[in-house]
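Step one of this worksheet: look at the structure below.
The values are calculated or read from the model by the stated rules, or taken from the named source; none is laboratory data. Here the structure is a predicted model, which is why all the values come from computation and not from measurement. All Cβ positions, even for glycine, are placed from backbone atoms using ideal geometry, and neighbour counts span all protein chains on display.
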Amino acid sequence: MDKDIKAALNVLFKGGTILYPTDTIWGIGCDATNEKAVERIYEIKKREDKEGMLVLLGSPDCLDRYVDIPDVAWTLINIADKPLTIIYPGAKNLASNLLASDGSVGIRIVKDSFCERLIQQFKRPVVSTSANISGEKSPRIFSEISKEIINSVDHVVKYRQDDLKKVKPSGIIKLGLKGEVKVIRE
């Protein structure tokens with residue numbers, strides 16, 4: 001795992017893209033503060049940037065650097081027993097083309113040793129979007145990722161490529177400006 005983290009960090013620091021295992025499905029990632037890197041992911045996925053993409057953080061301690069946190073978010077983070085992406089109504093200090101058209105951003109605090117270590121050593125949030133062409137089925141294991149995606153990124157992480165445990169995408173909850181809570185995906 002250490003060699004994979006070092007190689008992935010080298011690519012991220014240079015503004016490149018990685019294909020990596022997350023706490024849910026395999027993802028395509030980059031520096032969430034780098035607009036050119038984010039644009040490259042939209043190109044790889046053949047997707048417009050109106051929907052935005054989610055961001056992974058290694059700890060809730062740095063969440064307030066990127067969003068204003070409604071009190072209900074802390075409750076949701078603390079009681080979540082599976083991966084949970086929370087869509088916050090406003091974002092800051094992130095690439096503008098990463099955000100949804102309404103200025104919101106989805107953030108998930110990872111509980112996965114590879115992702116935690118990668119993000120902690122990178123000291124910035126990492127984009128995580130499913131490793132597929134937009135509209136196609138999300139890969140749950142490495143062997144389901146298309147050659148087109150594999151050949152399009154700058155680095156493919158080797159860690160967990162042989163893992164056959166099929167996982168599910170995270171739950172998604174959207175928070176409103178006044179603390180409203182809307183379940184998008186359980």
Output the residue which, of all residues in the range 23-37 that are out of contact with any Gly (no Cβ under 8 Å at 6 or more places or on another chain) and under 28 Å from residue 166 (Cβ atoms), is surrounded by the fewest Cβ atoms within 10 Å (Cβ to Cβ). 23
The lone exception for residue 57 - which of (1) at pLDDT 95 or above; (2) touching a Gly at 6+ places or on another chain (Cβ under 9 Å) it fails: (2)
Filter result for the condition that a residue is within 19 Å of residue 110 (Cβ to Cβ), polar (S, T, N, Q) and either in contact with a Ser or Thr (Cβ under 6 Å, 6 or more places away or on another chain) or at pLDDT 90 or above (or both), over 134, 143, 138, 152: 138
Among the residues of the range 46-101, write down those that are of a type in the set (Gly, Ala, Ser) and closer than 16 Å to residue 127 by Cβ. 52, 58, 91, 95, 96, 100
Going residue by residue through the range 109-126, is there one that turns out to be among the hydroxyl-bearing types (Ser, Thr, Tyr) and crowded, with 19+ Cβ neighbours inside 10 Å? no
Just one of (1) modelled with pLDDT of 90 or more; (2) part of a loop (DSSP other than H, G, I, E, B) trips up residue 62, so point out which. (2)
For the range 38-58, which residues satisfy the criterion of being buried (at least 19 other Cβ atoms within 10 Å of the Cβ) and among the basic types (Lys, Arg)? 40, 45
I'd like the full set of residues that are in contact (Cβ under 8 Å) with a residue 40 or more places away in the chain, touching a Pro at 6+ places or on another chain (Cβ under 9 Å) and more than 17 Å from residue 163 (Cβ to Cβ), limited to the range 135-153. 149
Entirely in the range 87-186, the strands (runs of 3 or more DSSP E) that have 3 or more residues that are farther than 22 Å from residue 12 by Cβ and within 16 Å of the chain's Cα centre (by Cα): 171-175
Name the residues in the range 13-51 that are under 15 Å from residue 159 (Cβ atoms) and not in a loop (DSSP other than H, G, I, E, B), would you? 18, 19, 20, 21, 26, 27, 29
So, residue 72, is that one surrounded by fewer than 17 Cβ atoms within 10 Å (Cβ to Cβ), assigned to a helix (DSSP H, G or I), at negative phi and among the β-branched types (Val, Ile, Thr) or not? yes
